[in-house]
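No value in this document is a laboratory result; all are computed from the given coordinates. Because the structure is a prediction, the values reported are computed rather than measured. Glycine also receives a Cβ, built like all others from the backbone with ideal geometry; neighbour counts cover every protein chain displayed.
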Amino acid sequence: MELNCIIVEDDPTFRVVLKKNVESKSSLNLIGVAENGKEAIKLINRKSVDLVFLDINLPDMTGFDVIDLAKDLDPSKVIIISGSKEDGIKAFDYGITDYIVKPFEEGRFDEALGRYIRDVGRSQKSASFVDRMIEKSLEYIYTRQIRDYKPLSFRNAKLGYIYPMLTANFDFEREDQVPKILDIAVKEGFLTSEYYDSFYTCNHCSNSYLHFRESCPNCHSTNIESEDQIHHFSCAYMGPRSDFESNPGSRDLICPKCDKSLTHIGVDYDKPSEIFECNQCNEMFQDPLVKAKCRNCNSDIKVENLVKKKLMSYQLTSLGEDAAKGKIAVDVGELDNMLDVIDKTYFKRSLSKEIERKKEANFESTIASIYLENISELYDQLGDQRSKNFVRELYEVALNEVNRSDEVIFKNMVTLWLLITENNVQEADSMTGKVMKRIKELVDDNNPNFTLKISKNLQPVEADKSADEQLRQLDIDKD
């Protein structure tokens with residue numbers, strides 16, 4: 001494979017260096033040299049160019065202007081040559097292949113060229129989007145010599161954070177995929193990770209822009225007011241502060257029961273709590289319902305139904321460095337959003353291990369299935385992608401209710417399997433009931449015109465039966 005390339009460089013010394021490097025490579029065919037941006041654009045527009053070695057600081061414009069003004073110049077065909085690291089972030093945001101800082105050694109030139117040739121080969125093989133994103137991330141971290149790739153706080157981002165360069169490749173609705181792609185890179189050994197931050201997001205759209213509000217538990221109105229409860233020590237009368245005020249807003253407090261003045265808090269009286277009144281329905285209550293209003297999809301969510309997200313910072317491994325240098329290929333395939341949610345094989349494997357464990361020790365464990373009887377009707381309304389997103393939300397809700405040693409997985413889009421370790425059926429029944437309650441709340445709260453029908457089945461894990469036998473029995477008993 002011979003690549004037609006041009007050099008765009010205004011410095012005579014570095015033009016010579018670049019020409020020497022290009023002409024020494026049998027894979028490169030030098031078809032033109034430009035000393036400024038205008039000449040470069042003419043060359044690019046007239047000739048069939050596979051690769052451009054482009055200086056940033058040109059006499060008449062910047063290298064970025066050349067990329068913007070040249071017709072059909074794909075930034076992935078550009079290797080930038082610059083005397084400064086300052087424009088590195090912007091360059092990689094453009095999608096260029098590599099960024100070489102002057103002066104450079106021949107090995108650095110070879111590394112950049114190798115990366116471009118590898119990318120050309122990968123594009124001909126239709127590399128997956130996930131592969132390309134992991135590659136770009138590894139190259140960005142390596143070329144910028146970033147020791148700790150951290151998320152940056154950004155108010156307009158879906159999660160409230162962005163990962164430099166990587167998040168720019170996703171539209172707003174898909175920004176929550178970025179941490180998943182980086183986590184895949186961790187699983188593949190290209191990165192390691194450390195905890196950075198955690199927060200809560202909307203259980204419907206994964207947005208982090210939430211307004212927390214107190215509301216009436218009766219009518220759900222947020223038009224509520226609170227006042228102190230006052231307890232008079234002398235006569236034991238307790239009521240709202242307004243009962244003790246001779247005039248509205250008065251600072252003088254008189255007990256409505258015994259007519260004594262209340263002067264000193266802690267001596268005459270105390271304030272044990274607050275009492276709330278709803279201006280909509282006149283309900284009196286002490287514990288308001290706390291909800292979160294999503295400013296993206298407008299959902300009104302109980303705080304216990306919010307989804308907890310965890311963000312990590314990432315560090316390049318030696319394997320990741322080799323991938324960034326083009327020595328090995330990244331080949332993880334497409335991102336399957338449901339792979340970790342619907343996985344019967346994984347659950348069977350976990351159950352088989354639990355059966356072997358039972359053969360060695362005396363304890364009880366339980367398997368359970370939760371059947372979402374009419375959920376298919378809701379899926380028809382939501383469509384395929386939103387249905388998958390909703391199943392993931394149900395999965396995360398269930399996961400939050402069980403112990404870390406337990407397993408939760410969807411058998412399919414309507415049946416949830418649970419392995420509740422070291423709990424007998426009675427104990428597991430209580431935990432399964434909590435999971436069912438949370439699932440029903442999530443479904444019903446987010447879909448006011450739909451009421452979920454839900455049922456369960458439990459049975460003890462038996463040491464003398466295979467995982468397949470016990471799971472078949474679980475489904476038969478449910479029917």
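Data table
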quantity	calculated
Kirkwood hydrodynamic radius (C-alpha pairs) into Stokes-Einstein, the range 344-478, 10 °C and 1.306 mPa s, D in µm²/s	104
Residue 268 long-range amide H proximity, modeled H, under 5 Å	263
Most to least packed among 141-153, 175-187 [average Cβ atoms within 10 Å]	175-187, 141-153
Span per principal axis, largest first, for the Cα atoms of the chain (Å)	100, 72, 42
Calculated [θ] (222 nm, deg cm²/dmol) that DSSP helices of n ≥ 4 give over the chain, each run adding -39,500 (n - 2.57)	-11000 deg cm²/dmol
Debye-sum result for the range 3-126 in log10 I(q)/I(0), which assumes one identical scatterer on each alpha carbon, at q = 0.20, 0.21 Å⁻¹	-1.17, -1.32
Qualifying lysines (Cα of each under 27 Å from Cα of residue 271; at least 8 residues distant if same chain)	257, 260, 291
Extreme residue, positive dipole direction of the chain, given options 426, 95, 179 (C-beta unit charges)	95
Full-stretch length increase - residue 72, residue 282 - with 0.36 nm per residue and alpha-carbon distance subtracted	69.0 nm
Cβ-derived FRET efficiency at R0 30 Å, residue 145 paired with residue 19, nearest 0.05	0.60
Packing-based order for 38-46, 260-268, 235-243, using average beta carbon neighbours within 10 Å, highest first	38-46, 235-243, 260-268
Cα-Cα over 27 Å, subset of 25/327; 42/325; 353/388; 85/150; 77/325	42/325; 353/388
Extension gain from residue 386 to residue 42, taking 0.36 nm per residue of separation minus the Cα-Cα distance	119.1 nm
Estimated FRET transfer efficiency (residue 26, residue 187; beta-carbon r; R0 35 Å; 0.05)	0.35
Rounded if a/c under 1.5, otherwise prolate or oblate - the range 299-415, Cα gyration tensor axes	oblate
Sites residue 273 and residue 212 - FRET efficiency at Förster radius 22 Å, r taken between beta-carbons, to 0.05	0.60
Extent along principal axes [Cα atoms of the range 227-287; Å; largest to smallest]	34, 23, 17
Within the chain: Cβ-based charge dipole about Cα centre, in debye rounded to nearest 20 (Lys, Arg +1; Asp, Glu -1)	940
Value of Rg to Rh for the range 249-353 (Rh from inverse mean 1/r over Cα pairs, i.e. Kirkwood)	1.33
